[in-house]
Structure formats: C-alpha cells, structure tokens
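Novice: Take a look at this one; I'll ask things after.
Every number in this text was worked out from the coordinates using simple rules, so none of it is lab data. Here the structure is a predicted model, which means the values were calculated and not measured. Please note: Cβ atoms are built from the backbone with ideal geometry, for glycine as well, and neighbour counts cover all protein chains shown.
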Amino acid sequence: MPESFPIRIRQHPVPLAAEMGRTILETALAAGVPYPHGCRSGNCGACKSRLIAGEIDLLPHSEYALTPDERADGLVLACRSVPWSAVEIAWLDEGETVSHPIRIMTCRVAGAERMTHDIRQIRLEVLSGGPYVFSAGQYARVAFPGLPVRDYSMANTPDDPVLEFHVRHVPGGVSSSYAFESLSVGEEVRVEGPFGSSWLRENHEGPIFCLAGGSGLAPIKSIVEQAITIGFGGEIRLYHGVRGEEDIFLEDHFSALAATKAGLRYTPVLSEPRNPTSRRTGFVHDALRADIREYGDGYLQRARAYLAGPPPMVEAAAGWLETAGMPPDRIHADAFYTEAERTTPAAPA
C-alpha cells in the first residue's frame with residue numbers, strides 16, 4: 001500500500017501528496033493552499049467541497065455541516081476526508097451552497113385539484129412555524145393527517161407564500177392514495193424542510209438544461225420560474241418526459257412562459273404514445289442530444305443541468321450528460337424514489 005496518495009485541487013495548479021491517515025484539509029494547509037475552512041472538526045461546513053474523483057474515508061461529522069442529501073450529491077468536508085486513492089476535489093465557489101433553517105410547520109390545505117389521471121396539485125397555506133425559506137428545487141417532508149411522512153418538492157417559487165406540491169398517486173401507497181383521493185380543503189398538514197441539494201445556482205450565467213420525468217416537473221417548475229424571476233438572461237431548455245398525451249400537464253403554462261421569456265424553450269416528450277403523434281418521442285435526454293447538435297464544442301461545458309423524476313430517467317440523463325462532456329459538478333439530480341424503492345435492499349454487485 002502506498003504511503004501517500006496524490007491530491008489534485010481544482011483551484012490549485014500543483015498536485016499534492018496526502019500522507020496515509022491525513023485529511024485533505026491538513027495536507028492542503030501544510031502546503032500553503034488557501035483552502036476555505038473554519039472549525040477543522042466537521043462542525044461548521046466552511047470546507048465543504050465536491051469530490052470529483054477518487055475514494056475517501058469520511059470521518060464523523062455534524063449533519064448540520066454536511067447533510068445526507070449533500071453527501072449523496074457528491075459533497076464532502078475536506079477536514080474529515082482521508083484519501084484512500086488518488087483524489088480530485090474542488091472547494092465550493094460562492095453560490096454553491098445554501099443554508100436555510102429547518103422549519104416544522106402546520107399548514108392548511110388551500111387548494112387541491114387533479115392535474116392528470118394520477119397527479120394532484122396540493123396548495124398549502126402556512127399557519128404556524130414559518131417563515132419558510134428555501135431555494136428553488138428543494139423539497140420538504142410532508143405528513144398528511146395520521147399518515148407516514150413523504151418527500152415532495154416545492155413547485156412554487158421561494159417568494160410565493162402558498163406552497164405548491166404535485167403528488168403522484170403510487171398504487172398501494174398509503175400517503176399518496178390519501179392525498180390523491182381524500183385530502184380536502186381546510187385540512188391541516190405538517191411540513192418540515194427545506195431539504196435537498198439540487199437547487200438553482202443563481203449566479204450561473206451559461207445555458208440551463210431542465211429535464212423532468214412525470215411529477216419531477218414540480219422542482220423543475222420552481223427552478224425555471226425562479227430563474228425568470230431573478231432576471232436570468234441565458235438560454236433555458238425545458239424537457240418534460242411522460243408516457244403519453246394523457247400524462248402531459250402545465251403545457252399551457254410553460255408555453256405561455258416561453259412566449260414571453262426569450263431563450264426559454266419548452267418541449268414535452270412522449271416515451272410510449274398510444275397513437276400516432278406529431279410530438280417529440282423517445283427519452284428526454286435523447287431529445288436534448290438531438291437539439292444541441294447544432295452547437296459547437298464547449299456548449300455542454302458552459303451549461304448546468306437540473307434533473308428530476310424517476311431514478312432510471314435521472315440516471316440515464318446524468319450518465320449521458322457526463323459522457324458527452326458536462327462536468328459532473330454541473331449536473332444536479334433529484335431522483336424520485338417511491339417508499340418501496342427506498343426500503344428495498346440493493347441487489348448484490
């Protein structure tokens with residue numbers, strides 16, 4: 001076993017060598033690298049970084065400094081990261097991290113209407129526990145009366161005081177069945193949040209690709225509308241993948257936005273149309289791939305991608321984007337696992 005491992009820090013031109021058992025932050029500071037840091041003990045989050053390549057042992061740390069969602073998104077704490085292979089890492093630039101207080105709120109159902117045969121829009125007014133501050137693209141843990149907690153993404157923009165969720169009816173799902181079939185205006189709902197790391201990077205200036213599958217349109221709606229609200233002047237390509245015509249929703253809404261916002265292109269994509277159609281067909285990332293052929297080299301490298309929806313769709317899109325040349329730290333993914341999928345053990349490799 002080697003006595004040290006090479007470390008490449010994106011913001012530093014010279015590779016370093018980490019001695020066995022030494023953290024990345026210790027190695028960097030010893031070499032005079034101005035690595036952002038604070039407590040050095042895994043409690044503050046100031047050294048939060050993106051692990052681009054390699055393997056590390058992440059020592060115990062506070063979940064305030066690094067949440068499980070951030071860890072799943074590829075973030076680590078340099079002060080608690082011990083390399084076990086060659087490593088490439090980058091500390092987060094300004095605008096790459098957000099920290100909102102976690103609120104536990106009592107809300108009242110202000111509206112509930114079906115959007116498709118299996119998706120219902122739920123709108124909630126905050127009665128107590130606010131103010132609720134979140135970044136576009138994040139999600140909350142929602143508990144309908146007497147039922148287990150489930151995760152749903154906010155579909156509204158952060159400045160809207162009424163929370164909007166899109167609940168897909170999962171066959172056999174206790175919570176989604178109640179929300180889809182029985183929840184009524186006036187009922188009280190418990191909401192805790194915000195959570196999630198696939199939020200809009202508001203300082204980004206290049207193209208934005210938004211790929212949604214089914215009810216994954218909820219966080220994508222929040223991201224697109226927030227980008228427009230803050231005056232984003234770049235190109236936004238929104239692709240919504242569904243099975244058939246009956247699964248399309250909010251088409252009029254996004255078509256109207258595209259008519260008024262220069263640079264916004266909205267494209268529904270059908271994967272399993274029942275009848276002949278003039279719409280785009282196939283997978284959402286294939287539609288994107290076909291559309292960007294007209295652009296030269298470097299287009300993907302300047303863009304960011306936001307993906308939300310069923311895990312197979314998210315994994316396929318993320319895999320293609322990375323293979324096509326988009327840096328992994330510019331791909332922000334939110335895979336919508338059902339409760340059954342969350343609790344099913346992974347298959348042996």
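Novice: Over the alpha-carbon set of the stretch 103-195, divide Rg by the Kirkwood Rh and report the Rg/Rh ratio to two decimals. The partial results should precede the final answer.
Specialist: Numbers: Rg = 12.0 Å, Rh = 13.0 Å.
Value, to two decimals: 0.92.
Novice: May I pose another question? Quick one: divide the alpha-carbon radius of gyration of the stretch 116-165 by 2.2 N^0.38 Å and tell me what you get.
Specialist: Values: Rg = 11.4 Å, N = 50, 2.2 N^0.38 = 9.7 Å.
Rounded to two decimals, the normalised Rg is 1.17.
Novice: Taking the Cα atoms of the stretch 162-253 alone, what are Rg (to one decimal) and Dmax (as a whole number) in Å?
Specialist: Here Rg and the maximum Cα pair distance are 15.6, 44 Å.
Novice: Rounded to whole Å, give me the distance from the Cα center of the stretch 306-334 to that of the stretch 78-139.
Specialist: Cα centroid to Cα centroid, the span is 19 Å.
Novice: Here's another thing I want to ask about it. Please state the charge dipole magnitude for the stretch 208-341, taken about the Cα centre, from unit charges on C-beta atoms (+1 on K and R, -1 on D and E), reported in debye and rounded to the nearest 20. Show your work: numbers first, answer last.
Specialist: Working: 13 positive and 18 negative charges, 89 e Å.
Here the stretch 208-341 has a charge dipole of around 420 debye.
Novice: In Å and on Cα atoms, what radius of gyration and Dmax does the stretch 4-91 show?
Specialist: 11.5, 32
Novice: Ranked from highest to lowest mean number of other Cβ atoms within 10 Å per residue, what is the order of the peptides 253-264, 211-222?
Specialist: Details: 253-264: 14.6, 211-222: 27.7.
Most protected by this proxy first, the peptides run 211-222, 253-264.
Novice: ³J(HN,Hα) across the stretch 103-111 via Karplus (A = 6.51, B = -1.76, C = 1.60, θ = phi - 60°), whole Hz, x for Gly/Pro?
Specialist: 10, 10, 10, 9, 10, 10, 5, 9, x
Novice: I need two numbers for the chain: Rg to one decimal and Dmax as a whole number, Cα atoms only, in Å.
Specialist: Using the Cα atoms of the chain, the pair Rg, Dmax is 21.4, 65 Å.
Novice: Still on this structure, please answer the following. Quote the Stokes-Einstein diffusion coefficient, in whole µm² s⁻¹, for the stretch 208-341, based on the Kirkwood radius over alpha carbon pairs, a temperature of 25 °C and a viscosity of 0.890 mPa s.
Specialist: Numbers: Rh = 15.1 Å.
Taking Rh from Cα pairs, D becomes 162 µm²/s.
Novice: I would also like to ask the following. Any chance you could list P(r) for the stretch 208-283, counting all Cα-Cα pairs in 10 angstrom bins from zero, rounded to whole %?
Specialist: 19, 53, 23, 4, 0
Novice: Over the chain, what is the percentage of antiparallel beta bridges among all DSSP beta bridges, to the nearest 5?
Specialist: Numbers: 44 of 72 bridges.
Taking every DSSP beta bridge with both residues in the chain, the antiparallel ones total about 60 percent.
Novice: Quote to one decimal, in nm, the extra length available between Val133 and Asn203 on full extension: 0.36 nm per residue of separation minus the C-alpha distance between them.
Specialist: Numbers: separation 70, 0.36 × 70 = 25.20 nm, distance 1.84 nm.
Full extension of this stretch gives 23.4 nm more.
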